[in-house]
Amino acid sequence: MSAKIVKMEELAKDIFCYEVETPLIANKAKAGQFVILRIHQKGERIPLTIADFDREKGTITMVFQVLGKTTLLLSRLRENDHILNILGPQGNPSEIKDFGHVAVVGGGVGIAAIHPILKALKEKNNKITSIIGYRSKELVFWEDKIKAQSHEVLVYTNDGSYGKAGLVTDGLKEVISREKIDRVIAVGPLVMMDAVTKVTKEYNIPTIVSLNSLMVCGMGMCGACRVTINGKIKFTCMDGPEFNAFAVDFDELKKRLNSYKEEEKICYKKELEKC
Amino acid sequence: MKEIVKTAVPMREQPAGERIKNFDEVPFGYNEEEAIKEASRCLQCKNRPCVSGCPVAIRIPDFIKKITERDFQKAIDIIHETDSLPCITGRVCPQEEQCQAKCVVGKVGDPIMIGRLERFVADWELKKGLKIPEIKKRNEKVAIVGSGPAGLACAGELAIKGFGVTVFEAFHELGGVLTYGIPEFRLPKEIVKAEIERLKMMGVEFKTDVLIGRTLTINDLFELGYSAIFIGVGAGLPRFMNIPGENLIGIYSANEFLTRINLLKAYKFGEYDTPVYIGKRACVVGGGNVAMDAARTLIRLGPEKVYLIYRRTIEEMPARKEEIHHALEEGIEFLYLTNPVRFIGDENGHLKAVECVKMKLSSETDESGRKKTLPIPGSEFTLEVDEAIIAIGTKANPLLQITTQGLKFKPNGQIEVDEYCRTSLKGVFAGGDIVNGSATVVTAMGDGRRAAMAIEEYINTKKP
């Protein structure tokens, strides 16, 4: 299926938000799921998390940062343009129930990914503390949307240009020191999720991370997204994307994310030079 | 009594030294004179053992006779009675184990090259322009899940019967394993496209990027007004060996490697956006057709050395003889009675070597009827490789099991069916690898056809 872009917005520098018309996916989408898309006939397949969905309008919303050729080309599409192929909703939905007090940690574009999780947690009457981190002030987006779904929000920037100066783990430690936390959910760059896991392990707080492995098929037939969970091979697309953080081999995944760094650079540079 | 010509007409093919530099098809196919000469060797036996060896029971002696009479149209019409995709089966069927294995001439010389003759008439028709049978439309609609060989065969058969047919495919391109799995040099994608085009001309509707189980469920399909559903989703998840180091960079499942190459054209990286790693020294683990496809693809992409590691001997290899022969000709080094025990990486997590152990065959057999293998203690050795492809088979994708209430599965995750491809759910039929495990294209096609007949019967007898 292809999907028409009904609304686009540049949320911050190089961070875009697209609302696309795809009634079948919108109808089934749940918090924690993603789509696989391809934008031209010679393009690659990439996964993007569903950041919001509206069943009545038949739309889903995706937020992405321009990091390579595919996201660059995607950022050049405008309202009424079509995304050539979109498949979903993929992956298992987040486990949502009344956990008590949940600390939800988001970093970078991962902040868009925690949005539907917050909504679902709120519906189940959880107390929610969100801790969100950006590199700097000009990359801040969706603070209002996160606030609307949380009881408390702590905002951090690495350079202190907005909110508190520091890392999301500083905020997490602060919250843990003053309140009982029943569950932590972290979505963001792998280093951030790894750091969060190191903190929560110390306090033995059940922690869920949403892994951002490289993917090709997104439906279990290829194994490109395989990760080691408790010493066993699991597929992020079929068994995840959310996993018990304490079981994840983060070091291996960090290396696997670099599999095609050189090729990605070449592709991106070539595309930039075209303009 | 007709005099037996013991030697088959040889198939002209690209020489090994040439073909490892391209992805073009290896055998060229018979021309008219060659086909007629080969067809004339057929004894036209009364008891037709070849037909019993064919999973879809093509009237083999009859179509061969038509070739000798130069009536190629009638020849292909006969094949089409039971085989919807002859351009494909003529290329990828293991004829040497099926129809040709039963050929009477084969007892004294080369069997009749039935596959090559099938390919000849199928290609003849393709070149001439496809003929679409006249179809009397019916009101009922059937949904087909998966556009691989089982789904396409089922779709073709149902379309001829007049049903409205919609095929749902999860990938962005149609064809299933014919497109993502089997390489261009063995099955040109143009041929797959032409066969799909024929189905479109017959009114079959195709929907890509729909994963049944996620985008829509089996139940949704009934609610959308489909009277029956055929599930032909294939074998699904790749198996890994579960040995240390298997997630190192440079190690692929055969499915991933072949999908990157065949579906996403990663070998034309630069023009296409999907990358693939090609090492200097590579190994493929496994002994089936998929392992041969992976090894032969690799050798075309430039590694200095490609090994094929297999734990038994050439005798037990499940791959087609022709594939093994082609792989050896193309310079792939086979390491028999060898099994990887761990992969060794460098500081960046990239594969640099594989440690293997020598194996011996035991006298006992396993559940598949093949001899069990045992490692020889102390025989470990290390092979320097920076790329490895794991081609040891697949297992069923659990998605439909998780999302379809009431559909019965075997303990290994395959769907349970009866002899008419009927599942435990009324109106739901299944066939191909999701039922049989990893089998052949023609077995899957045979299932698709049988299911189509059962679906027709089901719809005709269904009370309104």
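The values are calculated or read from the model by the stated rules, or taken from the named source; none is laboratory data. Treat the numbers as computed from the prediction; the structure is a model and nothing was measured. Please note: Cβ atoms are built from the backbone with ideal geometry, for glycine as well, and neighbour counts cover all protein chains shown.
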*asked:* Let me spell it out: the conditions are (1) within 14 Å of another protein chain (Cβ to nearest Cβ); (2) among the aliphatic types (A, V, I, L, M); (3) surrounded by fewer than 22 Cβ atoms within 10 Å (Cβ to Cβ), and B:Ala235 meets all of them except one. Which number is the exception?
replied: (3)
_So B:Tyr310, is it within 14 Å of chain A (Cβ to nearest Cβ) and either without any contact (Cβ under 8 Å) to a residue 24 or more places away in the chain or aromatic (Phe, Trp, Tyr) (or both)_ = no
*asked:* I'd like to know if region A:10-23 contains one or more residues that are within 13 Å of chain B (Cβ to nearest Cβ) and not in a strand (DSSP E or B).
replied: yes
*State all residues of region B:335-357 that are under 30 Å from the mean Cα position of the chain (by Cα) and under 20 Å from B:Ile314 (Cα atoms); if no residue qualifies, say none.*
B:Leu335, B:Tyr336, B:Leu337, B:Thr338, B:Asn339, B:Pro340, B:Cys356
*Determine whether region B:313-330 contains at least one residue that is closer than 16 Å to B:Ala388 by Cα and either surrounded by 17 or more Cβ atoms within 10 Å (Cβ to Cβ) or touching a Phe, Trp or Tyr at 6+ places or on another chain (Cβ under 6 Å) (or both).*
no
*What are the residues in region A:43-54 that are under 13 Å from A:Pro23 (Cα atoms) and within 14 Å of chain B (Cβ to nearest Cβ), if any?*
A:Phe53
*Inspect region B:123-143 for any residue being aliphatic (A, V, I, L, M) and at pLDDT 95 or above and give the result as yes or no.*
yes
*Which of (1) away from every other protein chain (no Cβ under 13 Å); (2) part of a loop (DSSP other than H, G, I, E, B); (3) in contact with a strand residue (DSSP E or B) (Cβ under 8 Å, 6 or more places away or on another chain) is the odd one out, the single condition A:Lys4 does not satisfy?*
(2)
*Across region B:82-112, what is the number of residues that are over 19 Å from the mean Cα position of the chain (by Cα) and within 17 Å of B:Gly151 (Cα to Cα)?*
0
*Looking at region B:382-413, which of the residues that are in contact with a helix residue (DSSP H, G or I) (Cβ under 6 Å, 6 or more places away or on another chain) and of a type outside the set (Gly, Ala, Ser) is surrounded by the most Cβ atoms within 10 Å (Cβ to Cβ)?*
B:Ile389
*Qualifying positions in region B:62-95 - among the β-branched types (Val, Ile, Thr) and not in a helix (DSSP H, G or I)*: B:Thr82
*Would it be correct to say that A:Pro241 is touching a helix residue (DSSP H, G or I) at 6+ places or on another chain (Cβ under 8 Å), in contact (Cβ under 8 Å) with a residue 24 or more places away in the chain and closer than 29 Å to A:Arg76 by Cα?*
no
_I'd like the full set of residues that are closer than 21 Å to B:Ser253 by Cα and in a helix (DSSP H, G or I), limited to region B:156-200._
B:Val177, B:Leu178, B:Thr179, B:Tyr180
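Looking only at region A:66-88, which residues are of a type in the set (D, E, K, R) and more than 11 Å from chain B (Cβ to nearest Cβ)?
A:Arg76, A:Arg78, A:Glu79, A:Asp81
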*Please work out if A:Val168 is of a type in the set (A, V, I, L, M), buried (at least 23 other Cβ atoms within 10 Å of the Cβ), at pLDDT 95 or above and within 25 Å of B:Asn242 (Cα to Cα).*
no
*asked:* Quick check on A:Pro206: is it in contact with a strand residue (DSSP E or B) (Cβ under 9 Å, 6 or more places away or on another chain), more than 9 Å from chain B (Cβ to nearest Cβ) and under 23 Å from A:Gly88 (Cβ atoms)?
replied: no
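Table: residues versus (1) among the charged types (D, E, K, R); (2) out of contact with any Ser or Thr (no Cβ under 8 Å at 6 or more places or on another chain); (3) away from chain A (no Cβ under 12 Å).
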| position | (1), (2), (3) |
| --- | --- |
| B:Leu263 | no, no, no |
| B:Lys268 | yes, yes, no |
| B:Ile278 | no, yes, no |
| B:Ala327 | no, yes, yes |
*Identify all residues within region A:258-275 that are acidic (Asp, Glu), touching a residue at least 24 places away in the same chain (Cβ under 8 Å) and either more than 8 Å from chain B (Cβ to nearest Cβ) or at positive phi (or both); write none if there are none.*
A:Glu271
_Can you pull out every residue in region A:216-248 that is buried (at least 23 other Cβ atoms within 10 Å of the Cβ), among the aliphatic types (A, V, I, L, M) and more than 10 Å from chain B (Cβ to nearest Cβ)?_
A:Ala245, A:Val248
*Taking region B:1-47 as the search range and keeping residues that are among the aromatic types (Phe, Trp, Tyr) and touching a Phe, Trp or Tyr at 6+ places or on another chain (Cβ under 9 Å), which one is nearest to B:Cys87 (Cα to Cα)?*
B:Tyr30
*asked:* Which condition from (1) over 17 Å from B:Gly349 (Cα atoms); (2) facing chain B (nearest Cβ under 7 Å) is the one that A:Lys255 breaks?
replied: (1)
*Out of the residues in region A:188-212 that are without any contact (Cβ under 8 Å) to a residue 40 or more places away in the chain and either of a type in the set (S, T, N, Q) or touching a Cys at 6+ places or on another chain (Cβ under 6 Å) (or both), state the one that is nearest to B:Val276 (Cα to Cα).*
A:Thr207
*Any chance you could count how many residues in region B:430-464 are touching a residue at least 12 places away in the same chain (Cβ under 8 Å) and within 30 Å of B:Val290 (Cα to Cα)?*
22
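Can you find even one residue in region A:24-33 that is modelled with pLDDT of 95 or more, within 14 Å of chain B (Cβ to nearest Cβ) and part of a strand (DSSP E or B)?
Looking for residues that are modelled with pLDDT of 95 or more, within 14 Å of chain B (Cβ to nearest Cβ) and part of a strand (DSSP E or B), one finds none in region A:24-33, hence no.
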*Any chance region B:84-102 includes a residue that's of a type in the set (Ser, Thr, Tyr), within 25 Å of B:Gly164 (Cα to Cα) and in the same structural domain as B:Glu38 (by TED's automatic domain parsing)?*
yes
*In region B:370-411, which residues are over 21 Å from A:Gly218 (Cβ atoms) and outside any loop (DSSP other than H, G, I, E, B)?*
B:Lys371, B:Lys372, B:Thr373, B:Leu374, B:Pro375, B:Phe381, B:Thr382, B:Leu383, B:Glu384, B:Glu387, B:Ala388, B:Phe409
